[in-house]
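Right, one structure below, let's go through it.
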Amino acid sequence: MASPNSTFTEMVTTTLRNHKREIADNVSNHNSLLRRMNEKGNLRVLNGGYEIVEPLDYAENSTYQRYSGFEVLNVAASDVLSAAKYDWKQSAIHVVASGRELRMNNGREQLINLAKARLTNAMRTFRNNLSTDIWSDGTSSNQIGGVQAVVSDAGTGTVGGINSSTYTFWKSILQSAASPLQGGGAITPSKSTIQSLMLPLWLNLIRGGDRPDLMVADSVYFTYYEESLTDVKRYMHSEEGQGGFISLKYKSADVVYDDGCPASHMYMFNTDYLKFVAHRDANLTEVEEKVSINQDGVVIPVLWMGNLTCSNRSLQGVIKA
């Protein structure tokens, strides 16, 4: 008869292989920002590299000119390209079973049930923690650089190895109710003032055809916005409803409530410039089982390695008190 250890490992491997796409979708659909990046094809898988590199253009080509006849043309080189570099961050979760459990469940059907239950729990745990990391400021040990780092409350900080205090093109845009972009005195956020905070930020984030496509708010700011729509409420696309998110519209952008969003914040994202990157060999990848030399049990690691990247911070913004 086959060893219960090896049968358990086989069941976990088979279950993970058969449901890999479903698991990945479940992880991305749990977070409104990841869902939008997934829809746009901005969940990237890389083969390797010392760092994750995001090329970016930070200036216009300076050689554009109007001329007449034989006027000398400007053929000087323009320094317009650079790159943001992001460290690989790692996380893991483990499907574990003791020898006692394996022997008590000694039978193929029982082991299948045990494997599926443990794997389902592991993926749910991974999903919840990844969503927390996506909204983080990236300051916890080995944590990815989350939304609060990329679109910081001050609009400043070092992201992707670029210091925005030195290179001001790399600042994200802050709409502070205490000191509004449009000038004047402080504004107290409410259902009657929320749109007066939203419009100036929206206008600051438009560059030609570039404009925000996703706005994510906490319960307070989402409620203010919904209550401000006294005449016509523009409800969600069907795709957002299928993702389980409450969604409205603001101009051409979806406005989504996400319970992971920091309190009293509303973010405006241009997701064309945001990517969620994973390594090919550590993308919710199950690796060979580990058997302890001093414990009666088996551990099956599931690994992930990657980061959240941005190639244009100046087109991302946030509203806060």
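The values are calculated or read from the model by the stated rules, or taken from the named source; none is laboratory data. Not measured: the values here are computed from a predicted model. Please note: Cβ atoms are built from the backbone with ideal geometry, for glycine as well, and neighbour counts cover all protein chains shown. Quick note on the areas: whole protein, heavy atoms, side chains included, nothing else; ligands and nucleic acids left out. Shrake-Rupley method; radii C 1.70, N 1.55, O 1.52, S 1.80 Å.
Miscellaneous remarks
- Residue, farthest from F222 (Cα to Cα), within segment 299-321, restricted to residues that are surrounded by fewer than 23 Cβ atoms within 10 Å (Cβ to Cβ) and β-branched (V, I, T): V299
Residue-wise test of (1) surrounded by fewer than 19 Cβ atoms within 10 Å (Cβ to Cβ); (2) part of a loop (DSSP other than H, G, I, E, B).
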site: G145; (1), (2): no, yes
site: Q148; (1), (2): no, no
site: S152; (1), (2): no, yes
site: Q175; (1), (2): no, no
site: G185; (1), (2): yes, yes
site: L199; (1), (2): yes, no
site: L203; (1), (2): yes, no
site: M215; (1), (2): no, no
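- Every residue from segment 282-318 that is at pLDDT below 95 and either out of contact with any strand residue (DSSP E or B) (no Cβ under 8 Å at 6 or more places or on another chain) or part of a loop (DSSP other than H, G, I, E, B) (or both): V287, E288, E289, S292, I293, N294, Q295, D296, S311, N312
- Here K85 meets each of (1) modelled with pLDDT under 85; (2) under 30 Å from A282 (Cα atoms); (3) among the charged types (D, E, K, R) with one exception, condition (1).
- Candidate set: segment 78-93, residues that are open to solvent by less than 100 Å² (accessible area, probe 1.4 Å) and of a type in the set (A, V, I, L, M); chosen: the one farthest from G297 (Cα to Cα): V80
- Taking the criterion of being without any contact (Cβ under 8 Å) to a residue 12 or more places away in the chain and open to solvent by less than 60 Å² (accessible area, probe 1.4 Å), the only residue of segment 94-116 that qualifies is G107.
- Scanning segment 13-45 for residues that are farther than 22 Å from S172 by Cα, outside any helix (DSSP H, G or I) and either out of contact with any Phe, Trp or Tyr (no Cβ under 9 Å at 6 or more places or on another chain) or modelled with pLDDT under 65 (or both) yields H19, H30, G41, V45.
- Where a residue in segment 278-295 is over 19 Å from A122 (Cα atoms) and its partner, wherever it lies, is outside any strand (DSSP E or B) and open to solvent by 80 Å² or more (accessible area, probe 1.4 Å), with Cβ under 9 Å and at least six apart: H279/N47; R280/N47
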